[in-house]
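Below is one structure, written out as structure tokens, with a few remarks after it.
The values are calculated or read from the model by the stated rules, or taken from the named source; none is laboratory data. Keep in mind that what you see is a predicted model, and the values were worked out from it rather than measured. Glycine also receives a Cβ, built like all others from the backbone with ideal geometry; neighbour counts cover every protein chain displayed.
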Amino acid sequence: MAIKDYLVVDMAKPANTFVNLTDYFQGRVGDAEAYCKLWIKYASRPIDMTDKKLRFEGNDPNNTPFIDAGRFDAGDDGDVQLGMITFYFPKGFFQVEGKWQHAFFKLQTNDGKDISTADLTLNVLPNNVEMGIGIHPFESDLEKTKAQINQALREMNAQQLLNQIESMKTTVGAYTDLIEQHAVLNKPETVDLVSGIVNPFRQQLTSQMNTLSSSITSQMNAVKANVTEQIEKNKVTYEYFNGTMINGCNGWIGGCLVYIQNIAIGFIMGWTHFPEKSWKNINFATNPLASKVDFSNLPAGATVMLIPAGSNPRRAMKCAPDDGSHFQQIGLWNSNNDYNSESYNDAADITYEFSFVASPDQLK
């Protein structure tokens, strides 16, 4: 497979990341089923896409919203278990030329949770051959569901009306029998008949229609409340924090928390420059997430590669929150905690990134 043909879509990238899809997609107006090749990952690790759903959402160049659209398979050279897929946009999706912006893919996991990607941009080219041909309106899964609900309501009302007509036929039959039995009704008899049969029937019909209307309104309000509750329950939010370099070190450090329901996925990343003779068991920065996460019972950290400025070789070091500072600072240690044979005279640099998952009892 040609890996270079696949666009890597990392579901764990921060929300302010922007991915240009144009080099991997060039659809035209009216395309029956345009496609692009994607490599779906989470925190740089491939996601097994078996039995998962991937949908595309966004606004076209005319700012018309499109939601819950598209499908995927392995394509000619992909592997669904490795997250390498071919995503197909549905017929009628691209109706005007131009750039789509602030669009994104939404992944639904096996347990029903939704995870959205960073913002994407893609370019739809004009179709000079078929620009004069009418394009069928695009109908998303959500619109189809709304149409099914409306059809069910119409059928419900029609059945109620049929029941009332059958009842009315019975009443008219009784009235016909009265005419045949008495030949011609006089005025008092006619008034009595209207008062005794027609008026009660009209009142009953009005009452039943009011009850039906009230029942439909109550059911629709319940559906609306449930949808709103589910949207709020599965909302994904983000928080970003910065740390400060200490002990003569230079660079930057930042942290991010991605909240999904009642858990949080955390990331700490940065770059640090150490002065000469400084990187032996040193705390080099404040912990940007110390005010939000209890690290006392949460394993976090990573092995990083330290690069000395002189001729000394690179070496593996451990980078993690320091329990000696009550996890308020980030420290650097030799991965084997043995400095008898180490030389740390030269200045050095590290680049680091590590992640963790915090449960509700580990969040402050």
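Miscellaneous remarks
- Residues of segment 100-119 satisfying the condition of being assigned to a loop (DSSP other than H, G, I, E, B), at negative phi and surrounded by fewer than 17 Cβ atoms within 10 Å (Cβ to Cβ): Thr109, Asn110, Asp111, Lys113
A quick yes/no check of all residues on (1) outside the structural domain of Asp346 (by TED's automatic domain parsing); (2) among the hydrophobic types (A, V, I, L, M, F, W, C); (3) out of contact with any Phe, Trp or Tyr (no Cβ under 7 Å at 6 or more places or on another chain):
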residue: Thr286; (1), (2), (3): no, no, yes
residue: Ser291; (1), (2), (3): no, no, yes
residue: Asp294; (1), (2), (3): no, no, yes
residue: Ala316; (1), (2), (3): no, yes, yes
residue: Cys319; (1), (2), (3): no, yes, no
residue: Ser325; (1), (2), (3): no, no, yes
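- When segment 58-104 is filtered for residues that are acidic (Asp, Glu) and closer than 15 Å to Cys36 by Cα, the ones remaining, listed by number, are Asp73, Asp76, Asp77, Asp79.
- Segments classed as strands (runs of 3 or more DSSP E), wholly inside segment 39-99, with at least 2 members that are without any contact (Cβ under 8 Å) to a residue 40 or more places away in the chain: 71-73
- Some residue of segment 318-334 being farther than 21 Å from Asn247 by Cα and either modelled with pLDDT under 95 or of a type in the set (Lys, Arg) (or both): no
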